[in-house]
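Participant: My structure is below; once you've seen it, I'll send some questions.
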Amino acid sequence: MAIPNLVKPIEILLVEDNPGDVRLTIEALKEAKVINHLTVLKDGVEALAFLRRQAPYSAAPHPHLILLDLNLPRMDGREVLAAIKADDSLKHIPVVILTTSQDEQDVLKSYNLHANCYISKPVDLDQFVRVVRSIEDFWLGIVVLPASQPGGT
């Protein structure tokens, strides 16, 4: 049975500066039950430019889901999360914090900034892959995500 042409890929934005974690996330998402497209950016400044479609990202797709590390260069994930949730054109996008930090203050601050969930990255390789797959199962398999940015773009 053919997949209908109307099926559009789920756009995922991964904001992560650790190449090993990027590689593991890509591998875990390769076995997706849904079609997805992953964009990877390495710092918070790039992430906001991408989300706001600023140069060089003027043709960037709007993500349906953001996976955000907290410890990023140039602009950390807390600042990125605050900017996303303060922007009417972006705040509808679910943001999953995926970070090594288990600090209670980071957890509390992330939720106060309206993160949709907070996940501490396990150090064990198999556990990390299992966590990414559980994110995929829940956010891409169960949850209904907004189809597009408010306003229809």
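Participant: So residue 105 passes all but one of these: (1) in contact (Cβ under 8 Å) with a residue 40 or more places away in the chain; (2) surrounded by fewer than 19 Cβ atoms within 10 Å (Cβ to Cβ). Which condition number does it fail?
Facilitator: Looking at each condition in turn, residue 105 falls short on (1).
Participant: What residue, among those in the range 98-119 that are of a type in the set (A, V, I, L, M), in contact with a Lys or Arg (Cβ under 9 Å, 6 or more places away or on another chain) and at pLDDT 95 or above, is farthest from residue 130 (Cα to Cα)? Spell out the reasoning first.
Facilitator: Taking the range 98-119 as the starting set, the residues that turn out to be of a type in the set (A, V, I, L, M) are 98, 107-108, 113, 115, 119.
Checking the rest, the ones that are also in contact with a Lys or Arg (Cβ under 9 Å, 6 or more places away or on another chain) come to 98, 113, 115.
Narrowing further to those that are at pLDDT 95 or above: 113, 115.
Numbers: 113: 26, 115: 21 Å.
Ranking the qualifying residues of the range 98-119, first place goes to 113.
Participant: Here's a follow-up. Looking at the structure I just gave you, is residue 82 without any contact (Cβ under 8 Å) to a residue 40 or more places away in the chain and either in a loop (DSSP other than H, G, I, E, B) or on the phi > 0 side of the Ramachandran plot (or both)?
Facilitator: Numbers: without any contact (Cβ under 8 Å) to a residue 40 or more places away in the chain: yes; either in a loop (DSSP other than H, G, I, E, B) or on the phi > 0 side of the Ramachandran plot (or both): no.
Spelling it out, it is not the case that residue 82 is without any contact (Cβ under 8 Å) to a residue 40 or more places away in the chain and either in a loop (DSSP other than H, G, I, E, B) or on the phi > 0 side of the Ramachandran plot (or both).
Participant: In this structure, is residue 41 touching a helix residue (DSSP H, G or I) at 6+ places or on another chain (Cβ under 8 Å) and either modelled with pLDDT of 85 or more or within 24 Å of residue 83 (Cβ to Cβ) (or both)?
Facilitator: Numbers: touching a helix residue (DSSP H, G or I) at 6+ places or on another chain (Cβ under 8 Å): yes; either modelled with pLDDT of 85 or more or within 24 Å of residue 83 (Cβ to Cβ) (or both): yes.
So residue 41 passes the test.
Per-residue answers, yes or no, for (1) in contact with a His (Cβ under 9 Å, 6 or more places away or on another chain); (2) of a type in the set (S, T, N, Q); (3) under 12 Å from residue 17 (Cα atoms):
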{"residue": "42", "(1), (2), (3)": "no, no, yes"}
{"residue": "59", "(1), (2), (3)": "no, no, no"}
{"residue": "74", "(1), (2), (3)": "no, no, yes"}
{"residue": "102", "(1), (2), (3)": "no, yes, no"}
{"residue": "106", "(1), (2), (3)": "no, no, no"}
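Participant: Does residue 90 satisfy being within 16 Å of residue 16 (Cα to Cα), over 12 Å from the mean Cα position of the chain (by Cα) and assigned to a loop (DSSP other than H, G, I, E, B)? Before you say what the answer is, go through the steps one by one.
Facilitator: Values: within 16 Å of residue 16 (Cα to Cα): no; over 12 Å from the mean Cα position of the chain (by Cα): yes; assigned to a loop (DSSP other than H, G, I, E, B): yes.
Taking the combined requirement at face value, the residue does not satisfy it.
Residue-wise test of (1) among the hydrophobic types (A, V, I, L, M, F, W, C); (2) over 14 Å from the mean Cα position of the chain (by Cα).
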site	(1), (2)
85	no, no
112	no, yes
118	no, no
133	no, no
138	yes, no
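Participant: Can I ask one more? Mind listing whichever residues of the range 10-37 are among the aliphatic types (A, V, I, L, M), at pLDDT 90 or above and either surrounded by fewer than 20 Cβ atoms within 10 Å (Cβ to Cβ) or part of a loop (DSSP other than H, G, I, E, B) (or both)? Walk me through how you get there before you give the answer.
Facilitator: Taking the range 10-37 and keeping what is among the aliphatic types (A, V, I, L, M), we get 10, 12-15, 22, 24, 26, 28-29, 32, 34-35.
Now narrow it down to the ones that are at pLDDT 90 or above: 12-15, 22.
Across the range 10-37, the qualifying residue is only 22.
Participant: Okay, next question. Test each condition in (1) surrounded by fewer than 13 Cβ atoms within 10 Å (Cβ to Cβ); (2) polar (S, T, N, Q); (3) modelled with pLDDT of 95 or more for residue 127 and report the one that comes out false.
Facilitator: Of (1) surrounded by fewer than 13 Cβ atoms within 10 Å (Cβ to Cβ); (2) polar (S, T, N, Q); (3) modelled with pLDDT of 95 or more, only one is false for residue 127: (3).
The values are calculated or read from the model by the stated rules, or taken from the named source; none is laboratory data. Here the structure is a predicted model, which is why all the values come from computation and not from measurement. For neighbour counting, all protein chains shown are included, and Cβ atoms are generated from backbone atoms with ideal geometry for every residue, glycine included.
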